[in-house]
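Visitor: To start, I am sharing the structure in question, which I have written as structure tokens.
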Amino acid sequence: MIEVRNLQFEYPGREFTLRVPSFDFPFGSTAAITGPSGIGKTTFLLLLAGYLVPGEGKVTINATQLSEMNDRERRAFRIRHIGMVFQEFELIEYLSALDNMLLPFRITPELELTREVVERARDLSGAFGITGLMHRNVRRLSQGERQRVALCRALLTKPGLLLCDEPTGNLDPVNKERTLDLLMETVQQSKTTLVVVTHDHLHLTRFERVVDFPEISQPLTAHKEEGGDRP
Amino acid sequence: MKDILYMVGQYIRHHRVKTIILVLSISLIIYLPSGLRVVVNESAESLISRAGSTPLILGAKGSPLELVLNSLYFDTDAPESFPYKEYLRLGESPEISAIPLHTRFRAGEFPIVGTSMDYFNYRNLTVASGENLVFLGDCVIGFRVAERLGLEPGDSLISTPSSVFNLAGAYPLMMNVQGILAPSGTPDDESVFVDLKTAWIMEGLAHGHEDLQQDGLNGSVLEREGDNIIANASVAEYNRVTESNMQSFHFHGDPGKFPITAALVFPGNQRAATLLEGRYLGEEEVVHLVDPVEVMEELLGTIIKIQNYMITGIVIIGLSTLATTVLVFMLSLRLRKKEIETMHKIGGARRRIRAILVSEILSVLLMGALISLILTTLTAHFGPAILKGILLGGGA
């Protein structure tokens, strides 16, 4: 269960305050969060991930209260239990597709890179149809291929919760459809909880729950930024 | 640590051009002053040690530096020569011993040193194969000469005429290689040693030719007056001293006036040295006495002064290069801000991410330091020989 209570967050030096009085979401389900740009959806996602820390209130993920953890504990929890996918994919350009997938295992002592992990990466890449691209530098991959690498990276740690920030925002309609199919199939098989921020209303029916973000939040001041909804 | 090194390796591999430029810049910043210092220090040690083992040098008045460099290393232009009688004059004092040197000729790239047997004892030179000088026309050669020319005892080596236009004398002399010296690690390894008289044969002051008393050569005789015979150019002169023609070699003129280029002088005590120095202070003297250590220290003083100017310049350039390098690192970190943020977002440990970034910078610095260390080591090994070569104006 994801539980958010009386959450309040503001960026230092900016006129933006996000308030979410209450939000509950059962583990193992899929949810799409929609809403206008600049309202704080990405901020909410980063608060759920423990990357941002609320000024007030609490965020609980599967009985673990993130707001009571220190930075090191939150990072350890995030890398072990939460997978993240970003709109810009955010792959490391000097690494191959395989090394990008294995990145979480190289940047923390919490995870150990074993032969079994590498095998799992190969299996995942097979499922996502990018086996032949494993050793190719990610700069030489198409948008669709890059997004699949990003999904593999997020899923490789077997996270209980997958947070995706407009994962199909940069894809053409064919790739968008294919990526969503893969995403849904994978989370259903692995019983991963999926929370997706999206502007794509055509595919909302695929999710078990659709959250209109203005309904759960009370922004005091919305500060719209160009090119995204991050305040 | 393995994962950190892997990430560093991947980053460096991907940005190899940038890394190579940074590594080379850093290695040059470190290497230039240290290499310069090493080469000067090593050269100073090597130059001073040879000079230190040579008490005083007598030579024709002129540049003391030229005299010292030629008398110690043989590989510079020969200084003005002076009459042999000046050397004989040294022997008038029982407290003084001396060794004559004649260094005007070469055999290809190697200097020919006309001297006495005392030189070998003084420099602790031993013959590794063959024998030491026995007859006129013999030579013993340094081991590097033997190595480069592929010579063995019993072979011959020809002297190079001082000038192809010198028709008056100084014919090339075919020398008999009598022995090869053991390696000494000094310029003696690259020299050809002959007896002083052999050097004078090369000067054209002594020669050997067919016996004009023979009946068959009457046609060559222009004039006969007692023992004096004047012959024309059809009489064959020998260009090699052999057992059969050795007796025919003879000197013309007063040996006291024959040239030598220097004399290594060994005063028995300080008093003798002081008296000797005083003797050559007179303006009428054609020679002067120099202390090689003093001369070399003066030369090294100049070199060190130049070195200091160069180091100052290098440090200024190095600082600006260092500033540029720091700027490159800072810009690189700024360009990688998103990548670093991604690592933080997905839960990378703060310490691990910092270790990756710091290791990348350290790797570049270490590679630069390693290259500069290799260059400095190579410089320490080869630099002094190169600097000596530059100072002596030829190969070291």
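The values are calculated or read from the model by the stated rules, or taken from the named source; none is laboratory data. Please read these numbers as outputs of a predicted model, since none were measured by experiment. In this analysis, Cβ positions are derived from the backbone assuming ideal geometry, glycine residues included, and neighbour counts consider all displayed protein chains. SASA here: full protein model, heavy atoms, side chains in, ligands and nucleic acids out. Shrake-Rupley method; radii C 1.70, N 1.55, O 1.52, S 1.80 Å.
Visitor: Out of B:F74, B:L58, B:Y11, whose Cα points farthest toward the positive end of the dipole of the range B:1-74 (charges: +1 Lys, Arg; -1 Asp, Glu; placed on Cβ)?
Guide: Farthest towards the positive pole: B:Y11.
Visitor: Using a/c under 1.5 as the rounded threshold, could you call the protein assembly as shown rounded, prolate or oblate? The axes a ≥ b ≥ c are square roots of the C-alpha gyration tensor eigenvalues, and prolate needs a/b larger than b/c, oblate otherwise.
Guide: It comes out prolate by the Cα gyration axes.
Visitor: Magnitude of the Cβ-charge dipole of the range A:2-216, K/R +1 and D/E -1, about the Cα centre, nearest 20 debye?
Guide: Value, rounded to 20: 500 debye.
Visitor: If you don't mind, another one. Any residues in the range A:45-81 that have 20 Å² or more less accessible area with all protein chains than in their chain alone, probe 1.4 Å, and which are they?
Guide: Going by heavy-atom accessible area, the residues of the range A:45-81 that drop by at least 20 Å² are A:Y51, A:D71, A:R75, A:R78, A:I79.
Visitor: Going 7 Å from the Cα of B:V286 along its beta-carbon direction, which residues of the range B:59-75 have the amide nitrogen within less than 19 Å of the resulting point?
Guide: Answer for this model: B:59-64, B:67.
Visitor: Cα gyration tensor of the range B:75-173, axes a ≥ b ≥ c as square roots of the eigenvalues: rounded (a/c below 1.5), prolate (a/b > b/c) or oblate?
Guide: Judged from the Cα gyration tensor, the range B:75-173 comes out oblate (a/c at least 1.5, b/c at or above a/b).
Visitor: Turning to a different aspect of this structure: So, with +1 on the Cβ of K and R and -1 on the Cβ of D and E, and no other charges, what is the size of the charge dipole of the protein assembly as shown about its Cα centre, to the nearest 20 debye?
Guide: 4680
Visitor: While we're here: Could I have the simple spin-label model distance between B:H252 and A:S29, label points 7 Å from Cα toward Cβ, reported in nm to one decimal?
Guide: Between B:H252 and A:S29, the simple spin-label model gives 12.5 nm.
Visitor: Another question, then. Mind giving me the FRET efficiency for A:K158 and A:E56? R0 is 30 Å, r the Cβ-Cβ distance, nearest 0.05 is fine.
Guide: Once rounded, the FRET efficiency stands at 0.40.
Visitor: Within the protein assembly as shown, what whole-number % of the accessible surface is contributed by carbon and sulfur, with the 1.4 Å probe and all protein chains included in the calculation?
Guide: Using a 1.4 Å probe with all protein chains present, the protein assembly as shown comes out at 55 percent carbon and sulfur.
Visitor: Shifting gears a bit: Looking at this model, which pairs from A:K58/B:K337; A:K176/B:K338; A:K41/B:K18; A:K41/B:K2; A:K158/B:K338; A:K58/B:K2 are more than 31 angstrom apart at the alpha-carbon?
Guide: In this structure, A:K41/B:K18; A:K41/B:K2; A:K58/B:K2 exceed 31 Å between Cα atoms.
Visitor: Something else: According to a simple spin-label model (label point 7 Å from Cα along Cα-to-Cβ), what is the distance in nm between A:D123 and B:R148?
Guide: 7.2
Visitor: Calculate how steeply helix B:16-52 sits against the longest principal axis of the alpha-carbon atoms of chain B, using the helix alpha-carbon long axis, and give the answer as 0 to 90 degrees to the nearest 10.
Guide: With both axes taken from Cα atoms, the answer is about 30 degrees.
Visitor: Of all DSSP beta bridges in the range A:2-216, what percent run antiparallel (nearest 5)?
Guide: 50
Visitor: Shifting gears a bit: Under 21 Å between alpha carbons, and skipping anything fewer than 8 positions from B:K305 in its own chain: which lysines qualify?
Guide: Filter leaves B:K388.
Visitor: Can I ask one more? So, in nm, how far is label B:R354 from label B:E277 when the simple model puts each one 7 Å beyond its Cα toward the Cβ?
Guide: 6.5
Visitor: Could you run the numbers on buried accessible area between B and A, total for both chains, 1.4 angstrom probe, in Å² to the nearest 100?
Guide: 2400
Visitor: Continuing with this model, one more query. Report, to the nearest 10°, how far helix B:64-73 tilts away from the longest principal axis of the Cα atoms in chain B, using its own Cα long axis and a range of 0 to 90°.
Guide: With rounding to tens, the tilt is 90 degrees.
Visitor: In terms of modelled amide H atoms, which long-range or inter-chain residues lie less than 5 Å from the amide H of A:V210?
Guide: For A:V210, the qualifying residues are A:A32.
Visitor: If a paramagnetic tag sat 7 Å from the Cα of B:I21 along the Cα-Cβ line, which residues of the range B:291-333 would have the backbone N under 20 Å from that point?
Guide: Flagged as within label range: B:317-333.
Visitor: Tell me, what is the FRET efficiency for A:E116 and B:I304 to the nearest 0.05, using R0 = 51 angstrom and their Cβ-Cβ distance as r?
Guide: 0.20
Visitor: Assigning unit charges at the beta carbon (Lys, Arg +1; Asp, Glu -1) and nothing else, what dipole magnitude in debye, to the nearest 20, does chain B show about its Cα centre?
Guide: 4280
Visitor: Find the accessible area per residue for the protein assembly as shown; the probe is 1.4 Å, ligands and nucleic acids are left out, and the unit is Å².
Guide: 49
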